[in-house]
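Student: Below is the structure I would like to discuss, written out as structure tokens.
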Amino acid sequence: MIKDIEIKKLPPEIKVCGMAIKPVRGVTEEGKTIYEKDVQIELKNIGGKALSFVDCNLSYYDAQGEFIGCDSDGSLSLVKPNESVFVSIPMLSPSNTSKKLLEVSIQTAEGIFSKYISWVFLAGALVFLVYQNYSA
């Protein structure tokens, strides 16, 4: 792991399997090739449900603990249980950074049935009650 990045928030369904800083090639508007540092993270779904979204935020703080910026990246790929996803966050930390905190958020993948079933039952109950009141 990277010693100067502290994990602030990690859902219990996620395990950080690896983290590395790697130069990634980019191109400026002028067409010049440059290399920027990215934090590349391997995250594994150790939960029982598939994930539809994984979001990573790397926040920067100065010596007084004041927030001075952040970088983020995520994945919209479906991540089934026991599968991994790789996220590459551009690390453009301000020069006065003294602390870096990583936060990981997830969204579980829900089928259309499980996502809306409670609303369907509620609407059905309301229709039934209205029908009972008007038919009496």
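The values are calculated or read from the model by the stated rules, or taken from the named source; none is laboratory data. This one's a predicted model, so the numbers in the text were calculated from it and none came from an experiment. Quick reminder, even Gly has a Cβ in these numbers, built from the backbone with ideal geometry, and neighbours come from all protein chains shown. Each accessible area value is taken on the protein alone, full model and side chains, heavy atoms only, with ligands, DNA and RNA left out. Shrake-Rupley method; radii C 1.70, N 1.55, O 1.52, S 1.80 Å.
Student: Check which residues have an amide H placed less than 5 Å from LYS99's amide H, if you skip close sequence neighbours.
Tutor: TYR61
Student: As an exercise, find the ratio Rg/Rh for the chain from alpha-carbon atoms, using the Kirkwood inverse-distance average for Rh.
Tutor: Here the Rg-to-Rh quotient is 1.23.
Student: Provide the net charge surrounding ASN96, with neighbours chosen by a C-beta distance below 13 Å and charges set as Lys +1, Arg +1, Asp -1, Glu -1.
Tutor: My count for the surroundings of ASN96 gives 0.
Student: How big, in percent, is the set of alpha carbon pairs in the range 1-62 lying more than 13 Å apart?
Tutor: Beyond 13 Å sits 72 percent of the P(r) for the range 1-62.
Student: Between ALA123 and SER84, what FRET efficiency follows from the Cβ-Cβ distance if R0 is 41 Å, with the result rounded to 0.05?
Tutor: Here the calculated transfer efficiency is 0.55.
Student: Which pairs, out of LYS8/LYS49; LYS3/LYS37; LYS3/LYS32; LYS8/LYS99; LYS15/LYS80, put more than 20 Å between their alpha-carbon atoms?
Tutor: The pairs that break the limit, which is 20 Å between Cα atoms, are LYS8/LYS49; LYS3/LYS32.
Student: How would you order 19-31, 88-100, 60-72, 38-50 from highest to lowest mean count of nearby Cβ atoms within 10 Å?
Tutor: With the highest mean Cβ count within 10 Å placed first, the list reads 38-50, 88-100, 60-72, 19-31.
Student: When the chain is fully extended, how far beyond the present Cα-Cα distance does LYS9 get from GLN107, taking 0.36 nm per residue of separation?
Tutor: Full extension of this stretch gives 33.8 nm more.
Student: Something else: In the chain, what percent of the accessible surface is made up of carbon and sulfur (1.4 Å probe, ligands and nucleic acids excluded)?
Tutor: Result for the chain: 56 percent of the exposed heavy-atom area is carbon or sulfur.
Student: Now for a separate question. With axes computed from alpha carbons, what is the tilt in degrees of helix 112-135 against the longest principal axis of the chain, rounded to the nearest 10 within 0 to 90?
Tutor: 30
Student: Let me ask you something else. What would the Debye formula give as log10 I(q)/I(0) at q = 0.26, 0.30 Å⁻¹ for the alpha-carbon point model of the range 50-100, no solvent?
Tutor: -0.88, -1.06
Student: Quick one: what are the phi-derived ³J(HN,Hα) couplings along the range 22-32, Karplus 6.51/-1.76/1.60 with θ = phi - 60°, whole Hz, x for glycine and proline?
Tutor: 9, x, 10, 6, x, 10, 6, 4, 7, x, 7
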